[in-house]
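First up is the structure itself, then whatever we jot down about it.
The values are calculated or read from the model by the stated rules, or taken from the named source; none is laboratory data. All figures in this text were calculated on a predicted structure; none of them were measured in a lab. We place every Cβ from the backbone using ideal geometry, glycine too, and count neighbours over all the protein chains shown. Accessible surface areas use protein heavy atoms only, side chains included; no ligands, DNA or RNA. Shrake-Rupley method; radii C 1.70, N 1.55, O 1.52, S 1.80 Å.
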Amino acid sequence: MKAIDIIKIACDFTENQELAIKLDEENPEFTSNENKKINLLLKCLNLIQNEVACEFIPLQAIEEVKATDFKVNYNQFSKKPISIIWAKDKLGRNIRFKSFADYLMIFGGSAKIKYNYMPKEITSLDSDIEEAILPMRIYAYGIAREFYLMQSLSEDADIWEVRFKDSLCVFARKKQEVKMPCRRWL
């Protein structure tokens, strides 16, 4: 999924149809005002991605790391950790750990770490969104909410807030098959 696809849908929600039409062109030339709107919409997309990852549907990764003096710097991880879920040694046993601001202290030489992480920042329209776990429409709802909040249009923002939160709840709800009890004779 590309950022431009989500931004096009968000343009329709934020009454920027001219910009959406221009984004469909092959090699569009943007004015400075249009560039400002695009950058604002990309900023809104980053805010929504971070909100979803931090509050609703966490992104998780598992990595093998080596500790030096019982410390593992957070920059050793391939992604930016938000919180550590567990640490296990080579045999799969849980090991103790303690999180600090700049590093993780593990009581062992090397460990397999499971952690929640922040999504990568989107900087351009052509960027691929690797951590896209929601449909484009839900991201666009959130972008519209943030856009209207930044424009100080709180009534419009409230409308998109409801749509965004309701869509997230429906998406995050556990989907399982409904099992009916067996029929019995009375």
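Tabulated results
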| item | result |
| --- | --- |
| Unmet criterion (only one of (1) open to solvent by less than 20 Å² (accessible area, probe 1.4 Å); (2) touching a Phe, Trp or Tyr at 6+ places or on another chain (Cβ under 8 Å)) for K22 | (1) |
| Any helices (runs of 4 or more DSSP H) falling wholly within the range 1-66 and containing at least 2 residues that are touching a residue at least 60 places away in the same chain (Cβ under 8 Å) and out of contact with any helix residue (DSSP H, G or I) (no Cβ under 7 Å at 6 or more places or on another chain) | 32-51 |
| Lone unmet requirement of (1) modelled with pLDDT of 90 or more; (2) touching a Phe, Trp or Tyr at 6+ places or on another chain (Cβ under 8 Å) for N33 | (2) |
| Residue in the range 45-60 that is more than 16 Å from I122 (Cβ to Cβ) and among the aliphatic types (A, V, I, L, M) present | yes |
| Tally, over the range 88-131, of residues that are aliphatic (A, V, I, L, M), in a loop (DSSP other than H, G, I, E, B) and farther than 18 Å from L47 by Cα | 3 |
| Qualifying residue in the range 142-163 (condition: more than 24 Å from L40 (Cβ to Cβ), open to solvent by less than 90 Å² (accessible area, probe 1.4 Å) and β-branched (V, I, T)) | no |
| Options S127, S152, S99; residue that is among the hydroxyl-bearing types (S, T, Y) and at positive phi | S152 |
| Failed item, numbered, when L125 is tested on (1) open to solvent by less than 70 Å² (accessible area, probe 1.4 Å); (2) farther than 30 Å from Q17 by Cβ; (3) in contact with a strand residue (DSSP E or B) (Cβ under 8 Å, 6 or more places away or on another chain) | (2) |
| Search result, residues across the range 72-130 that are among the charged types (D, E, K, R) and closer than 30 Å to N39 by Cα | K79, K80, K120, E121, D126, D128, E130 |
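Residues are listed down the side, and each one gets a yes or a no for (1) within 17 Å of A10 (Cα to Cα); (2) open to solvent by 60 Å² or more (accessible area, probe 1.4 Å):
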position: E55; (1), (2): no, yes
position: D69; (1), (2): no, yes
position: Y74; (1), (2): no, no
position: S78; (1), (2): no, yes
position: I84; (1), (2): no, no
position: G92; (1), (2): no, no
position: M105; (1), (2): no, no
position: L134; (1), (2): yes, no
position: I138; (1), (2): yes, no
